[in-house]
1. Name the single residue, out of those in the stretch 161-180 being open to solvent by 40 Å² or more (accessible area, probe 1.4 Å) and touching a helix residue (DSSP H, G or I) at 6+ places or on another chain (Cβ under 8 Å), that is nearest to ARG136 (Cα to Cα).
2. Six or more apart or on different chains, Cβ under 8 Å: which pairs go from a residue in the stretch 161-174 that's in contact (Cβ under 8 Å) with a residue 40 or more places away in the chain to one that's assigned to a helix (DSSP H, G or I)? Could you list them?
3. Just need a number here: residues in the stretch 181-200 that are open to solvent by 20 Å² or more (accessible area, probe 1.4 Å), assigned to a helix (DSSP H, G or I) and of a type in the set (D, E, K, R).
4. Quick one: in the stretch 6-24, of everything that is farther than 22 Å from LEU84 by Cα and surrounded by 15 or more Cβ atoms within 10 Å (Cβ to Cβ), which residue is modelled with the lowest pLDDT?
5. Is it true that some residue in the stretch 188-207 is hydrophobic (A, V, I, L, M, F, W, C) and either in contact with a Lys or Arg (Cβ under 8 Å, 6 or more places away or on another chain) or within 26 Å of ARG151 (Cβ to Cβ) (or both)?
6. Are there any pairs with C-beta distances below 7 angstrom linking a residue in the stretch 127-155 that is basic (Lys, Arg) to a residue that is assigned to a loop (DSSP other than H, G, I, E, B) and buried (at least 22 other Cβ atoms within 10 Å of the Cβ), with the two at least 6 apart or on different chains, and if so which?
7. Cβ-Cβ below 8 Å, separation at least six or inter-chain, first residue in the stretch 206-219 and more than 16 Å from SER24 (Cα to Cα), second surrounded by fewer than 19 Cβ atoms within 10 Å (Cβ to Cβ) and among the aliphatic types (A, V, I, L, M): which pairs?
Amino acid sequence: MWLILPLKDFVKAKQRLSGCLSISERRALFQHMVEDVLAQLSAVDEVDQLLIVSDDPAAHLLAEHFHALCWPESQLGSGLNAVLEATLDRVSSLDKPPQHVMIVHGDLPLLNAAELRDLIAVQGGASEQVVIATDRHGGGSNVVLMPLASRIRLRYGEGSLTAHTAEAAARNLSLQVFHAPGLANDMDTREDLLALVSAGTSSRAPQTMRYLSESGIARRLLQMNPRECAAVEPPRVMRS
């Protein structure tokens with residue numbers, strides 16, 4: 001199995017957080033989240049190859065550190081879906097392509113290896129089954145695991161889970177939705193960050209939590225709207 005991690009330019013990442021974080025803060029936050037994600041991905045023994053797709057120089061350095069391949073995004077197309085489709089085409093053309101591919105995103109700091117192993121177990125190596133870990137709202141596709149030879153067409157964007165379900169049906173593939181707290185908590189909005197900060201633990205996402213604390217962002221978020229923070233349900237924490 002190959003695991004693919006697409007990473008946009010770190011400077012352009014998390015633009016929906018521009019109302020509460022500066023450009024430099026957004027870039028640093030995203031890099032720390034990616035470090036947490038890569039640390040967990042590297043601990044999944046079922047993964048034969050980790051592939052990062054990005055043009056950002058920091059991504060290339062992280063690939064070296066975590067012994068991953070890094071393919072330049074600019075050589076593969078424009079836009080997430082087009083880039084990933086080109087990536088999968090390139091993987092398929094290898095002399096010995098993997099049977100399965102898993103696509104994960106870098107804004108899941110609470111992701112953990114145990115949940116990924118559970119997701120892989122659900123898929124069970126089947127040649128006609130797709131498993132998608134959705135977000136906490138039930139509409140996104142935070143992790144997609146599928147057979148490479150009979151893969152679905154990728155439809156990332158608003159309502160991607162519905163779109164991916166339709167693609168699977170069109171190819172006569174079964175699709176199972178997988179629910180796991182760490183895979184569901186992507187960091188897109190201030191409310192997402194407030195939920196992460198209010199969890200109050202560094203046992204998960206240690207790099208991200210340390211940065212939020214040492215940068216003063218965590219304190220600032222709490223001071224901006226403490227009532228709203230108190231109303232946010234913290235992310236659930238699962239075992240390692």
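1. VAL177
2. The qualifying pairs are SER174/ALA168.
3. 2
4. Only one residue fits best here, namely CYS20.
5. Residues of the stretch 188-207 hydrophobic (A, V, I, L, M, F, W, C): 193-197, 199, 205.
If we keep only those that are either in contact with a Lys or Arg (Cβ under 8 Å, 6 or more places away or on another chain) or within 26 Å of ARG151 (Cβ to Cβ) (or both) too, we end up with none.
For the stretch 188-207, residues hydrophobic (A, V, I, L, M, F, W, C) and either in contact with a Lys or Arg (Cβ under 8 Å, 6 or more places away or on another chain) or within 26 Å of ARG151 (Cβ to Cβ) (or both): absent.
6. ARG136/ASN185
7. GLN207/ALA39
The values are calculated or read from the model by the stated rules, or taken from the named source; none is laboratory data. Computed from a predicted structure; not experimentally measured. Counting neighbours? That spans all protein chains shown, and the Cβs are built from the backbone with ideal geometry, glycine included. The protein model used for the area step is the full one, side chains on, heavy atoms only, and it has no ligands, DNA or RNA in it. Shrake-Rupley method; radii C 1.70, N 1.55, O 1.52, S 1.80 Å.
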